[in-house]
Amino acid sequence: MSNPRNGDTKPPCLPRNGLVKIPTQPNGLGSASITKGTPAVKNRLCQPSSVPAILSPALAHRSDLPIPSLASPLSLAALAGVSSPPGASLVGLNTSEGSEQPSPERLPGSPSERQLAVDEKILNRLFWYFSACEKCVLAQVCKAWRRVLYQPKFWVGLTPVLHTKELYNILPSGEKEFVSLQGFAVRGFDGFCLVGVSDLDICEFIDNYPLSKKGVKSMSLKRSTITDAGLEVMLEQMQGVVRLELSGCNDFTEAGLWSSLNARITALSVSDCINVADDAIAAISQLLPNLTELNLQAYHVTDTALAYFTAKQGYTTHTLRLNSCWEITNHGVVNMVHSLPNLSVLSLSGCSKVTDDGVELVAENLRKLRSLDLSWCPRITDMALEYIACDLHKLEELVLDRCVRITDTGLSYLSTMSSLRSLYLRWCCQVQDFGLKHLLSMGSLRLLSLAGCPLLTTTGLSGLVQLQELEELELTNCPGATPELFKYFSQHLPCCMVIE
């Protein structure tokens, strides 16, 4: 996709999972990646930027200096008269002391222009226009830029992702040396994602990252071989951790959770960990009295586990995501709504045994819900949508992806919901043009996904121009979405991002 204003190639949008991949570097940390905050922020990062008003006319109109733009990650480097060498560090950790970096005196142009290129007041405003990847590049231009960019304010909400092979340098003797993490500490990162690490790797990380003991608030371990002992040591040493994620870690057991979980943890995510079953939920419920958020993907958790939550969790827990918990039935929903009455976010995605009766229990008892995910629940019908519309008056987000029994009648129930802002109907194969007409009265809608709906035609979709407040419309794999339709939307929904 091209930038229509200057013809430059537009950088690819961030994927919806928020990962920004960084190319390989010689210092062993080059394939790290960075996770970024909300979908709204990601969407903004994908938009072309205008010329920042703080550029002086002298620089903005020089033909030999490109204007800074998100379409050109190295544009500021070019503005300074230098270009990053091939394979330059994008993570921006520790450039070697002997590396060649230009000083202000060596920059091209008049003295006033050279001074402008390193003016910290200007740079502090200018660097906000760039994405995380671009800031990593710009930090390598010169020491003045790195000093400005290494301020923690530019990295808030970002999480470095480090693979085990990136944590060590191979010395000439063949021995491995743990890399320096000082560059991360300078930028004040308080969260990390470690992939493929062992107990020893985690201990090395704790010993080498200056902020590990108190400054790290969030830790994510993915596809790692951490054992019960390693988990216990990590949570004992890293006293600041309040958010913990364990994904694809099959070497720790439920006994490890009993021995290591600490009451300070307020958010816990466990997914694809083979040893997690009902007893793990018992440990979570008894050891984490301040839990506010629990994300669980566990194929062996049953209805019994949802009765373990105490009155304390019922007061504090506001987010529960049960993804692909195949053994959960309506009986488990009964236990959940009585144990956790204050939920505002609930996901039953992939809980394929939950039926309309379970949704009725949710709607009648969880009146504070603002987000509900029922995707991949094949037993949900239009009746469930009637329960939702009647009782969940504060609901702002509803996800119905792959609910194949939803029809136009169900959409007519949803049309009465004045609070609904986001509606996902991906691959709802029975939704037709007539159902879309019910949605046209929903002035509160800001996001609508109709990806993969096979029965929608160009005529039916064109009526969506009546939703003038719509900000995002997803029509991926929708047969009725033609090039002519996208052109029509660009003219009549200019403020809406239409995803083809």
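Answer yes if at least one residue in the stretch 201-208 is in the same structural domain as Val241 (by the TED database), more than 20 Å from Met238 (Cβ to Cβ) and of a type in the set (Val, Ile, Thr), and no otherwise.
The answer is no; no qualifying residue exists.
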Seminar exercise, completed: Of (1) touching a residue at least 40 places away in the same chain (Cβ under 8 Å); (2) not in a loop (DSSP other than H, G, I, E, B), Arg426 satisfies every one except (2)
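How many residues are over 24 Å from the mean Cα position of the chain (by Cα) and either β-branched (Val, Ile, Thr) or under 24 Å from Ser271 (Cβ atoms) (or both) if we restrict to the stretch 177-199?
Counting residues in the stretch 177-199 that are over 24 Å from the mean Cα position of the chain (by Cα) and either β-branched (Val, Ile, Thr) or under 24 Å from Ser271 (Cβ atoms) (or both) gives 3.
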Exercise. Restricting the stretch 199-215 to residues that are modelled with pLDDT of 95 or more and touching a Gly at 6+ places or on another chain (Cβ under 7 Å), which is least open to solvent (accessible area, probe 1.4 Å)?
Worked result: Ile202
For this session: Could you tell me whether any residue of the stretch 161-169 is buried (at least 18 other Cβ atoms within 10 Å of the Cβ), assigned to a helix (DSSP H, G or I) and not assigned by the TED database to the domain that holds Phe127?
Result: yes
Exercise. Looking at Arg367, is it closer than 18 Å to Asp278 by Cα, open to solvent by 30 Å² or more (accessible area, probe 1.4 Å) and either among the hydroxyl-bearing types (Ser, Thr, Tyr) or at pLDDT 95 or above (or both)?
Worked result: no
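So which residues in the stretch 478-500 are touching a Phe, Trp or Tyr at 6+ places or on another chain (Cβ under 8 Å) and either surrounded by fewer than 19 Cβ atoms within 10 Å (Cβ to Cβ) or among the aromatic types (Phe, Trp, Tyr) (or both)?
The answer is Val498, Glu500.
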Seminar exercise, completed: Counting only residues in the stretch 216-232 that are among the aliphatic types (A, V, I, L, M) and over 23 Å from Thr317 (Cβ atoms), the one most open to solvent (accessible area, probe 1.4 Å) is identified as Ala229
For this session: Count, please, the residues in the stretch 170-203 that happen to be in contact with an Asp or Glu (Cβ under 6 Å, 6 or more places away or on another chain) and outside any loop (DSSP other than H, G, I, E, B).
Result: 1
For this session: Test each condition in (1) at pLDDT 95 or above; (2) open to solvent by less than 60 Å² (accessible area, probe 1.4 Å) for Phe434 and report the one that comes out false.
Result: (2)
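Name every residue in the stretch 326-344 that is outside any helix (DSSP H, G or I) and more than 22 Å from the chain's Cα centre (by Cα), in order of residue number.
Within the stretch 326-344, Trp326, Glu327, Ile328, Thr329, Leu340, Pro341, Asn342 qualify.
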Seminar exercise, completed: The condition of being open to solvent by less than 40 Å² (accessible area, probe 1.4 Å), over 23 Å from Arg405 (Cβ atoms), touching a residue at least 12 places away in the same chain (Cβ under 8 Å) and of a type in the set (A, V, I, L, M) holds, among Leu306, Leu374, only for Leu306
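Given the structure, is Cys478 in a loop (DSSP other than H, G, I, E, B), touching a Gly at 6+ places or on another chain (Cβ under 8 Å), farther than 29 Å from Glu360 by Cα and not aliphatic (A, V, I, L, M)?
yes
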For this session: Go through the stretch 438-466 and give me each residue that's hydroxyl-bearing (Ser, Thr, Tyr) and under 29 Å from the mean Cα position of the chain (by Cα).
Result: Ser444, Ser449
For this session: Would you check which residues across the stretch 233-252 are open to solvent by 50 Å² or more (accessible area, probe 1.4 Å) and either over 15 Å from Leu268 (Cα atoms) or modelled with pLDDT under 95 (or both) and list them?
Result: Val233, Glu236, Gln237, Gln239, Asn250, Asp251
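Within the stretch 240-263, is even one residue of a type in the set (Gly, Ala, Ser), part of a loop (DSSP other than H, G, I, E, B) and within 20 Å of Leu162 (Cβ to Cβ)? Show your work before the answer.
Initial filter on the stretch 240-263 (of a type in the set (Gly, Ala, Ser)): 240, 247-248, 255-256, 259-260, 263.
Filter again for part of a loop (DSSP other than H, G, I, E, B), leaving 240, 248, 263.
Narrowing the set further to residues that are within 20 Å of Leu162 (Cβ to Cβ) leaves 240, 248.
So far as the stretch 240-263 goes, yes, one or more of its residues are of a type in the set (Gly, Ala, Ser), part of a loop (DSSP other than H, G, I, E, B) and within 20 Å of Leu162 (Cβ to Cβ).
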For this session: Identify, from the list Glu177, Glu120, Glu134, the residue that is of a type in the set (Asp, Glu), assigned by the TED database to the domain that holds Lys222 and either at pLDDT 90 or above or open to solvent by 10 Å² or more (accessible area, probe 1.4 Å) (or both).
Result: Glu177
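The values are calculated or read from the model by the stated rules, or taken from the named source; none is laboratory data. The shown structure was predicted, so the numbers you read here are calculated from the model rather than taken from an experiment. Glycine also receives a Cβ, built like all others from the backbone with ideal geometry; neighbour counts cover every protein chain displayed. For the accessible areas, the whole protein counts, side chains as well, though only heavy atoms, and no ligand, DNA or RNA atoms are used. Shrake-Rupley method; radii C 1.70, N 1.55, O 1.52, S 1.80 Å.
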